[in-house]
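Below: one structure, written as structure tokens.
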Amino acid sequence: MRITVLGSGNGAVAAAAHMTQKGHLVTMSNRRASSLEELKKDSRVKIVGNALKNETVQINKIENNVSDAITDADVIIICVPSVGHEYYANEIAKVLSDKQIVMLNPGHMGGSLHFVNYLRKAGYTKKINLCETNTLTYVTRMVDSHTIGIHNVVEKAYLASIPANNDDIKKILELYPLLQYKPNVLYTAMADLNAVMHPPAMLLNAALIERTKGDFTIYNEGTTPAVATLISGLDEERIKISEALGIEIDSFIHMFYHWGFTTKEAYDKNSIYLALKQSEPNKNIKSPSSLEDRYITEDVGNGLVPMSLIAKIANVETPIIDSFIELCGKINGVNYMTEGLTLEKLGIEKAKNLEELKAIISNMQ
């Protein structure tokens, strides 16, 4: 396939290298062309980390202009933080074809709803072929500008689409054959593990982050029993919301184990604490250097906020989720309930009850 990867961070480079290794013709582009300048000079990328075959691959093309980059693509994979979705929706709306498939990898919490809403606002009137995963399909970090460490490929993550049950999306299963295709995007939205995992680690390690500028491993050294307890509390509220929506969502520990992030011992003991301490793919990942990192700005503002708002539609109380929104907002001086991913930004503000919410999502196309 002809694949365009939008983004320039860890996930984007991992996706571009992986798809190139699989034999596809890959173009990369980003909103800031300068971030891909080194790859434009030399498009070779060395894959290390042992999750894939360790070898050097050559990206077919690095394109400065996002609109030009997607012109001939069969599939457009967008690997950016969710705060970038609005930009890319606006950027591609005028040139996107109804034959092209857009994949948000990942969609995070409500990413596909957000993306479609702004795609339509930007003037796109044709058929939508959009899908999202609930988590990035890679555990990955750049080693340098030409080396990508891919430590795990998350093969059993959730995949859902707008419109739901879209046969065209089966092309994505050729690229990622073990993804679990779910009935609608509420499944992927409510399976956003980062939203329940990162805020407790950031909040309870706030002093250490500020003192060391993140000079510790966030998943290993940053995990204590108290951190795990709060992750569990957020996860229980996430599952309660899902149950009220009438969808079956796996627990944090179930997904974390079955996606290859941790040991069977941690899974058998149902221990989030052990799951994070024994996470081989994540063990060397450093903490963010600031509390204004996406582990809060994205995972609270664009993760916990829409969860809380959807919970209110479903008449589910979320005191722990709401507390994190309030406390993280206080720390960063941001009102995440208004600045985050609101119902208006998701395009579902007219939903006053569960039936109306499900009807809106079912009718999206």
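The values are calculated or read from the model by the stated rules, or taken from the named source; none is laboratory data. Computed from a prediction, not measured in an experiment: that's the story for all the values here. When we count neighbours, we look across all protein chains shown, and the Cβ atoms used for this are built from the backbone with ideal geometry, even at glycine.
Of everything in the stretch 328-356, what is basic (Lys, Arg) and closer than 18 Å to HIS198 by Cβ? Give them in sequence order.
LYS330
Would it be correct to say that TYR181 is touching a strand residue (DSSP E or B) at 6+ places or on another chain (Cβ under 7 Å) and either in contact (Cβ under 8 Å) with a residue 60 or more places away in the chain or on the phi > 0 side of the Ramachandran plot (or both)?
The answer is no for TYR181.
Go through the stretch 6-48 and count every residue that is in contact with a Gly (Cβ under 9 Å, 6 or more places away or on another chain) and surrounded by fewer than 21 Cβ atoms within 10 Å (Cβ to Cβ).
Residues flagged as in contact with a Gly (Cβ under 9 Å, 6 or more places away or on another chain) and surrounded by fewer than 21 Cβ atoms within 10 Å (Cβ to Cβ) within the stretch 6-48 amount to 4.
Any idea which residue in the stretch 110-135 is surrounded by the fewest Cβ atoms within 10 Å (Cβ to Cβ), counting only those that are under 20 Å from HIS254 (Cβ atoms) and at pLDDT below 95?
If we take residues in the stretch 110-135 being under 20 Å from HIS254 (Cβ atoms) and at pLDDT below 95, then THR135 is surrounded by the fewest Cβ atoms within 10 Å (Cβ to Cβ).
Read through the list (1) in contact with a Gly (Cβ under 7 Å, 6 or more places away or on another chain); (2) farther than 21 Å from LEU136 by Cβ; (3) hydroxyl-bearing (Ser, Thr, Tyr), then give the number of the only condition that SER271 fails.
(1)
Return yes when GLU243 is acidic (Asp, Glu) and part of a helix (DSSP H, G or I) and no when it is not.
When the stated conditions are applied, GLU243 passes them.
Any idea which of LEU178, LEU208 is surrounded by fewer than 19 Cβ atoms within 10 Å (Cβ to Cβ) and not in a helix (DSSP H, G or I)?
Going through LEU178, LEU208 in turn, the sole match is LEU178.
If I ask for residues that are surrounded by 15 or more Cβ atoms within 10 Å (Cβ to Cβ) and not hydroxyl-bearing (Ser, Thr, Tyr), which ones from the stretch 136-145 would you list?
LEU136, VAL139, ARG141, MET142, listed by residue number.
Scan the stretch 284-312 for residues that are in a helix (DSSP H, G or I), at pLDDT below 95 and more than 15 Å from HIS108 (Cα to Cα) and jot them down.
None - no residue of the stretch 284-312 is in a helix (DSSP H, G or I), at pLDDT below 95 and more than 15 Å from HIS108 (Cα to Cα), so the list stays empty.
Go over the candidates SER251, SER242 one by one and state the one that is surrounded by 15 or more Cβ atoms within 10 Å (Cβ to Cβ), among the polar types (S, T, N, Q) and within 25 Å of HIS151 (Cβ to Cβ).
When all the criteria are applied, what remains is SER251.
Where in the stretch 77-154 are there strands (runs of 3 or more DSSP E), lying fully within it, with 2 or more residues that are without any contact (Cβ under 8 Å) to a residue 60 or more places away in the chain?
101-104, 130-133
If a residue has to be within 16 Å of the chain's Cα centre (by Cα) and at positive phi to count, how many in the stretch 138-178 make the cut?
The number of residues fulfilling the criteria is 0.
Take the residues in the stretch 315-365 that are aliphatic (A, V, I, L, M) and in a loop (DSSP other than H, G, I, E, B), then tell me which one is farthest from ILE239 (Cα to Cα).
VAL334
I need the full set of residues from the stretch 39-76 which are in a loop (DSSP other than H, G, I, E, B) and aliphatic (A, V, I, L, M), in order please.
Passing the criteria: ALA51, LEU52, ILE59, ALA73.
Just the residues that are over 13 Å from ASP144 (Cα atoms) and within 24 Å of the chain's Cα centre (by Cα), please, taken from the stretch 22-43.
Matches in the stretch 22-43: LYS22, HIS24, LEU25, VAL26, THR27, MET28, SER29, ASN30, ARG31, ARG32, ALA33, SER34.
Can you pull out the residues in the stretch 272-320 that are in contact (Cβ under 8 Å) with a residue 40 or more places away in the chain, under 12 Å from MET337 (Cα atoms) and of a type in the set (A, V, I, L, M, F, W, C)?
Residues satisfying the conditions are VAL300, LEU304, MET307.
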